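The values are calculated or read from the model by the stated rules, or taken from the named source; none is laboratory data. Everything quoted here is computed from the prediction, not taken from an experiment. Every residue, glycine as well, gets a Cβ built from its backbone with ideal geometry; the counts of neighbours run over all protein chains shown. These area figures cover heavy atoms from the full protein model, side chains too; ligands, DNA and RNA do not enter into them. Shrake-Rupley method; radii C 1.70, N 1.55, O 1.52, S 1.80 Å.
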Amino acid sequence: MLPSAPNHWFVRKVIYWRWAASVAWSLLLLPVCTALFVLLSRVSLLHPIGWISESFGLLCGSYVIFSLVLLFGVLLVVGFFNLEYYTAVPSIPCTKIALLGKVLHPRQCIHMLVHCMLGMLVAWCTAAMIGGRYRTLSCPCAVEEGAAPAACLNELHLFFLLAGGFVGYSYSLLGLLNNVNYISFKIIQRHKYLWFRSSLLAVVRYSAVRALYAVRNFCIFYYFLGYIPRTWICSTLGLLRDSSLHRLDSLAGLLDLPLLYHLWLSCCFLLLTWHVSVLLFRIFVSEAYSFPVQSSFSEDTSQCLPKVISEKEPMILKFLGLQDLAVLAHNSPCRRQEVFSLSQPGGHPHNWNAICTECLALLGELTQRLVLYQEVLSSNGRSWPPSCGSDHKSTSSETSENSGTEELSHTPRVRAGLKTPASSLFRAPVGGAGGTLPFTPDLDSPFSPAVTRRMAPDPSSPWHGSVQSPHLMRRGPKLWTSSAESPPDCVLPESPAAVPSPPAGAQKPSFLSLWFQNRQEQLPEASSQALFADSQMHIWALQGLSHLVAASFTEDKFGVVQITLPRILSTMLMLQEAVDRHFKLPHASSKPMRSTCCLEDSTFKMLRFGLRSALKTALYRITGTFGQHLHAVQMSAEHRKRLQLFMDYKE
């Protein structure tokens, strides 16, 4: 994320300083973690006084001091990668091939390679601090009297180094799969110290458990493949193998409890220091920031809230700006007056117009994205026909579609440069302008599946366009799961044409092609999550707009909000219609499991539910404030009918 806008004022003045503060705190905590590591590595419950005195003596030794200097450098590199790879919009691959492409991306390969090397360096430091039989790579061989002394390989030291590289690689890979670089924003803002203190115990527990799994996996790996690096090191450095000791790629060598304990402790130390660095970075970067609504100096205009929320890069700035808008609209009457104020001279509501236009553009972009997603599923035969579940929430009638098209034309056009989630199904024109749907890989990518290309709408097809005609015959629906049955009240139309069966002598696809095709199939839950991956922005836009509109009932002295009230209500109702349609899909209403660890942040998996709740709350907030006055607002008959459901508290 960082290379896209390294010279932006917000990156230079805010992000860099927050990153520096997080790195400084992680470096200050490193000596404490090192002291605990040395203390636990020499544990002796039967001789506590000697254990503590010996540990404090080692802390002042040259090995520990030199290792601490190296660990400072390791944490600086880890902190740099935290800054370089963080993102406010998680990357969610929608196919197994896309996931493979994400893992094999050159940028991610560099991340894995560097962390593998850093893990080996940390393992060397821990082996040196523990000392004893782990300290050096070579040791004198046990030879008979009179024989020439020779150097043998210390396999314990090699075991530690390889384990460090293995844990560093696992850290990078699991961080990619679990979106550890994803920066989420808490609903309730807490002081940084309280947030860190409440999360520290969970991070320690998570690091200890991950270290336990890493030790198990590495022991299995070394048992089968450990002879390869051992033989290579011996031949390269000219070292012998001490035959009097058990090899570590055997059961007798691996069933060494002190070795397993020290290895687990070293892995736990490595993961804990790196996880604490990630936690501190998240805490500092996601801290709320207050932007001025307006400025008296023209050079500071780019730092004001109306300009900030329209920025495309960096995305963290847009998120923090919309978060500040939601806080402003809810809790700050003085700043709300600045939003409602008129410019002098001229008397124009520039602040309100800029904020309202940007929020409506965000909501309109999401509406178009949902509509196009549903059209693609319908054209592919993976959606319920519009006649299913025909109640007051159904919008399949001709009136609804015509009115929706009319209202959409009044919605601000979405800017093509707006950043959306990285994974996307296809590229298709939206409303006549080029737009990218944010839920699948690019069609031109080598990892783009053939199934995805077949899902792209054909311009010559009657399904192409923003609105489908209700008079066209739809294909029979095909759900995500073939075992699912249609609802009893859903009348399915006949398929317009029967698919001819292939000739008997046709060549069957090979096993490899079938395997590859199966991994190109869409993951419905992942595609739904990717569709709403950036919906935290839309949630804040809904909250900010609704609170400002509700407050304008008593605070807007010039009536600047009332002019745009019809457009605001129409945009929200259109989005609510699209969200309701999406949640009628079989895979959209199931709630995924939440991760119990604070590092494996899974809040993005629940954003679609948060958006639906925020949208209904926003509409209820407006209707509850204005009440019967909304009857004077001009809107289509279908939107007025849906709005009446909110006014009657029946939605």
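If we sort 80-89, 369-378 on the protection proxy, mean other Cβ atoms within 10 Å, highest first, what's the order?
369-378, 80-89
Taking all pairs of different Cα atoms in segment 205-306, averaging 1/r and flipping that mean, what Kirkwood radius in angstroms comes out?
Radius from the Kirkwood sum: 18.3 Å.
Give me the 1.4 Å probe accessible area per residue for segment 304-376, excluding ligands and nucleic acids, in Å².
Heavy-atom SASA per residue in segment 304-376 reads 29 Å².
Apply 1/(1 + (r/R0)^6) to the Cβ-Cβ distance of Ser296 and Arg12, taking R0 = 25 Å, and write down the FRET efficiency to the nearest 0.05.
Once the sixth-power term is evaluated, E becomes 0.65.
What spacing in nm lies between the two simple spin-label points modelled at Arg205 and Phe66, each 7 Å away from Cα in the Cβ direction?
Simple spin-label model gives 4.0 nm for this pair.
Using a 1.4 angstrom probe on the protein heavy atoms only, line up Leu272, Leu362, Leu523 by accessible area, largest first.
Per-residue accessible area, sorted high to low, gives Leu523, Leu272, Leu362.
I'd like the Kirkwood hydrodynamic radius of segment 150-245, using the inverse of the mean 1/r over distinct C-alpha pairs, in Å.
When all Cα pairs of segment 150-245 are included, the Kirkwood radius is 16.7 Å.
Efficiency by 1/(1 + (r/R0)^6): what FRET value for Thr236 and Val43, r their Cβ-Cβ distance, R0 = 45 Å, to the nearest 0.05?
About 0.80, to the nearest 0.05.
Per 10 Å bin from zero, what fraction in whole % of the C-alpha pairs of segment 90-153 is there, up to the bin with the longest pair?
Percent of Cα pairs in each bin: 18, 23, 20, 18, 13, 6, 2.
What number results when the radius of gyration of segment 115-274, computed over Cα atoms, is divided by 2.2 N^0.38 Å?
1.26
Evaluate E = 1/(1 + (r/R0)^6) for His330 and Leu194, where r is the Cβ-Cβ distance and R0 equals 25 Å; express this FRET efficiency to the nearest 0.05.
Taking R0 as 25 Å, the efficiency between His330 and Leu194 is 0.70.
At 1.4 Å probe size, with the rest of the protein present, what percent of the exposed accessible area of segment 103-252 is carbon and sulfur atoms?
The C+S portion of the solvent-accessible surface of segment 103-252 is 68 percent.
Only Lys, Arg, Asp and Glu count, each charged at its Cβ (+1, +1, -1, -1), so figure out the dipole size of segment 1-146 about its Cα centre, rounded to 20 debye.
Roughly 700 debye for segment 1-146.
Would you work out which of Ala541, Thr554, Ala526 lies farthest towards the positive end of the dipole of segment 525-584? Charges go on Cβ: Lys and Arg +1, Asp and Glu -1.
Towards the positive end, the residue furthest out is Thr554.
Per residue Cα convex hull volume for segment 1-120, in cubic angstrom?
Convex hull of Cα atoms, per residue: 156 Å³.
Any of Lys605/Lys641; Lys591/Lys641; Lys616/Lys641; Lys584/Lys605; Lys186/Lys641; Lys13/Lys102 with alpha carbons more than 24 Å apart? Name them for me.
From the list (Lys605/Lys641; Lys591/Lys641; Lys616/Lys641; Lys584/Lys605; Lys186/Lys641; Lys13/Lys102), the Cα-Cα distance tops 24 Å for Lys605/Lys641; Lys591/Lys641; Lys186/Lys641; Lys13/Lys102.
How large is the Rg to Rh ratio of segment 132-197 when both quantities use alpha carbon positions and Rh follows Kirkwood?
Rounded to two decimals, Rg over Rh is 1.39.
When only the heavy atoms of the protein chains count and the probe is 1.4 Å, how do Leu200, Leu237, Leu270 rank by accessible area, highest first?
Largest accessible area first, the list is Leu237, Leu200, Leu270.
Could I get the Rg over Rh figure for segment 570-651? Both from C-alpha atoms, Rh via Kirkwood, rounded to two places.
Taking Rg over the Kirkwood Rh, I get 1.09.
Heavy-atom accessible area per residue, segment 546-651, 1.4 Å probe: how many Å²?
That works out to 43 Å² per residue.
For Cys152, what residues show an amide H to amide H distance below 5 Å, using hydrogens built from the backbone and excluding near sequence neighbours?
Cys139, Cys141, Leu240
Highest mean first, how do 533-541, 337-345 rank when packing is the count of other Cβ atoms within 10 Å averaged over residues?
Packing proxy ranking, top to bottom: 533-541, 337-345.
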